[in-house]
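This report concerns only the one structure given below.
Here, each number is a calculation from the coordinates, and none is a lab measurement. Since we're looking at a predicted model, the values are computed, not measured. No Cβ is skipped: glycine too gets one built from the backbone with ideal geometry, and neighbour counts run over all protein chains shown.
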Amino acid sequence: MKQTNEKAGTGLGQALRRTFALSVPATMVATAAVAMVFAIALDGCSSKTKQTSSNQPSQTTVAQNPTAVVLPTPTPEPSPLKAETPKKKVAGRNLATIRYKNEDDGISFRYPRTYKMLPDFKGDDTAWADPAPMNFAQPGGVVLANVGHINDPASSFFKISVNKGLTQEQCGAFATPSPAEIGNTTPVDASDESIPAKAMLRGVEYTRVENATEQTDVKYFHRWIQGSANNGVGACYEFALGVEETQGNTKSVDYNGMFDRLQRIFSTVKIADEPSQPVTAGVTSHPAEVSNPQ
């Protein structure tokens with residue numbers, strides 16, 4: 001037991017001495033080794049850095065290769081200016097009608113473009129008799145304007161005439177029916193328009209009558225305007241609104257609708273007062289009758 005302990009103690013002592021004896025050199029060796037490894041590592045990192053830096057120019061060179069350069073997109077030249085197409089004017093309400101104006105007689109009205117200005121009818125002088133002849137009881141009437149819409153199964157007409165130098169009583173009479181035919185007959189029905197009667201339209205007084213046959217239906221309106229001489233005579237204006245069926249027509253005709261359109265034309269009529277006539281040396285000049293200007 002003693003020998004064993006001694007050996008054991010000896011071995012432990014020897015190990016401590018060896019360790020102590022080698023502690024300084026071993027530490028130095030270990031430190032040197034670590035420094036060497038660290039230096040090698042730094043050198044390796046430096047080499048990698050240099051290699052990476054050396055590789056950058058080659059990448060730049062590749063990027064600068066002419067085949068890889070992206071050229072700027074050329075700016076498109078502006079196209080030549082095109083002439084702007086003029087905008088179409090919006091047709092107004094008045095553009096659908098035509099204005100008729102007679103400067104000499106101071107009368108004007110508007111009528112639809114579907115209506116046409118018709119020539120004066122002269123009875124037997126033309127192949128087509130006037131469906132709405134003047135209905136003055138006194139001679140001397142002159143046609144100022146005559147417009148119509150020729151259609152099938154019926155046509156419509158609006159006609160203006162004037163007869164100057166008539167009294168108000170003469171203006172209120174018609175050729176058909178004549179005063180002799182009327183006599184003292186009083187219409188049984190107050191709505192019977194075949195007998196002349198007074199009528200107020202838009203605040204203006206007219207004398208009206210309706211003449212109807214198997215083929216035509218015409219409504220006449222007379223309006224009297226005092227002359228400038230104040231001698232009891234003036235101008236008598238006649239407005240004829242008529243509808244004529246086509247010969248041999250078998251279709252139904254919308255008389256109410258056609259007369260409604262004629263009434264709309266009639267509502268646009270304007271008559272200017274006759275201008276005062278100059279008086280020289282006690283002689284009064286009278287206005288001359290003027291036919292419808294063409």
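Some points to look at:
- Taking label points 7 Å from Cα along the Cα-to-Cβ direction, residue 204 and residue 98 give a separation of 2.2 nm.
- Low-density loop cleavage sites - GluC sites (Glu not before Pro) in the stretch 149-229, where at most 11 other Cβ are within 10 Å (DSSP): 214
- Residues whose amide H falls under 5 Å from that of residue 165, counting only those 5 or more places apart or on a different chain, are 234, 235, 236, with hydrogens built in the peptide plane.
- Fewest-first ranking of 208, 99, 264, using other Cβ atoms within 10 Å as the exposure measure: 99, 264, 208
- Once both labels are positioned 7 Å from their Cα atoms along Cα-to-Cβ, the gap between residue 255 and residue 152 label points is 2.3 nm.
- Couplings 3J(HN,Hα) of the stretch 158-167, computed from phi: 9, 9, 10, 10, 9, 9, 8, x, 9, 7 Hz, in residue order, whole Hz [Karplus 6.51 cos²θ - 1.76 cosθ + 1.60, θ = phi - 60°; x for Gly and Pro].
- Sorting 149, 222 from the fewest to the most surrounding beta carbons within 10 angstrom yields 149, 222.
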